[in-house]
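The values are calculated or read from the model by the stated rules, or taken from the named source; none is laboratory data. Just so it is clear, the model here is predicted, and its values are computed rather than measured. Cβ placement follows ideal geometry from the backbone for every residue including glycine, while neighbour counts extend to all protein chains displayed. Side chains are part of the model used for accessible areas, which takes the heavy atoms of the whole protein and leaves out ligands, DNA and RNA. Shrake-Rupley method; radii C 1.70, N 1.55, O 1.52, S 1.80 Å.
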Amino acid sequence: MEYQDSSWHETCFVCRRCRQPIGTRSFIPKDSQNFCVPCYEKQYALQCVQCQKPITTGGVTYREQPWHRECFVCTACKKPLSGQRFTSREEFAYCLSCFCDLYAKKCAGCTNPISGLGGTKYISFEERQWHNDCFNCKKCSLSLVGRGFLTERDDILCPDCGKDI
């Protein structure tokens, strides 16, 4: 067997770690030592924090820890997060859709989540929130963003519609 201008007996060309003959199997040279692929992966490759298997190509790093791309998934729906916008809560990563469904405040007007992500603006009053586009008078639908308003139980009203209450 020949490698790097040297000749070897087949039984002498062995993996540095397991000492098994490499023969015709793939191997990886490191620091003038030769390793069979499984031994090299065990000793030198990053290990995925999720599955504990070696990362041999294209992993991702999240919170300074290595992950396989296919192991880095949303905590809730298990869809891959690599290359997607995501956020986290209590060390757990979520796709934006799951995060909004689970944790975002809900708009008092349309009941959809208010993500606050991407510069989304919203109005907050007492314990309720509205998307800017949903903050309208209950009777005449006038936008109340930047204007005075009145409340009648759960409804918000412009001053004109609220003058009769």
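Return the equivalent ellipsoid semi-axes of the stretch 1-67 as a descending list in whole Å, where each equals the square root of 5 times an eigenvalue of the C-alpha gyration tensor.
Details: eigenvalues 178, 24, 15 Å².
Equivalent ellipsoid semi-axes, largest first: 30, 11, 9 Å.
Helix-only estimate, please: 222 nm mean residue ellipticity of the chain, summing -39500 (n - 2.57) across DSSP H runs of length 4 or more and dividing by its residues, to the nearest 500. If you can, show how the numbers build up before the last one.
On the way: 3 runs with 19 residues, N = 165.
Calculated from helices alone, the mean residue ellipticity at 222 nm is -2500 deg cm²/dmol.
For the stretch 27-78, run through the trypsin sites (Lys or Arg not before Pro) and keep only the ones in DSSP coil with at most 10 other Cβ atoms within 10 Å of their Cβ.
Numbers: sites: Lys30, Lys42, Arg63, Arg69, Lys78; in loops: Arg63, Arg69, Lys78.
Here the trypsin sites (Lys or Arg not before Pro) that fit, given the DSSP loop and packing criteria, are Arg63, Lys78.
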Charged-residue dipole, Cβ positions (Lys, Arg, Asp, Glu), the stretch 59-102 about Cα centre, Debye nearest 20
140 debye
Tally up the carbon and sulfur contribution to the accessible surface of the chain as a whole percent, 1.4 Å probe, everything protein left in place.
46 percent
Average accessible area per residue (Å²) across the stretch 106-161 - probe 1.4 Å, nucleic acids and ligands excluded:
64 Å²
Accessible area per residue for the stretch 2-44 in Å², computed with a 1.4 Å probe and the full protein assembly in place, what is it?
76 Å²
Calculate I(q)/I(0) for the stretch 106-161 by the Debye formula, one identical point scatterer on each C-alpha and no solvent, and give its log10 at q = 0.28, 0.29 Å⁻¹ to two decimals.
-1.21, -1.28
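What dipole magnitude, in Debye to the nearest 20, does the chain give about its Cα centre under +1 on Lys/Arg Cβ and -1 on Asp/Glu Cβ?
On the way: 22 positive and 18 negative charges, 37 e Å.
Around 180 debye, computed over the chain.
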Net charge contributed by nearby residues that have their C-beta within less than 14 Å of Leu142 (K/R +1, D/E -1):
+1
Once the stretch 42-84 is represented by equal point scatterers at the alpha-carbon sites, with solvent omitted, what log10 I(q)/I(0) does the Debye formula produce at q = 0.28, 0.31, 0.34 Å⁻¹?
-1.00, -1.16, -1.28
So I have (1) 0.95; (2) 1.40; (3) 0.92, and one of them is Rg/Rh (Cα atoms, Kirkwood Rh) calculated from this model. Which one is it?
(2)
Kindly sort Thr24, Thr120 by accessible area of their heavy atoms, largest first, with the probe set to 1.4 Å.
Thr24, Thr120
Suppose every K and R has +1 on its Cβ and every D and E has -1 on its Cβ; what is the size of the dipole of the stretch 2-44 about the Cα centre, in Debye to the nearest 20?
280 debye
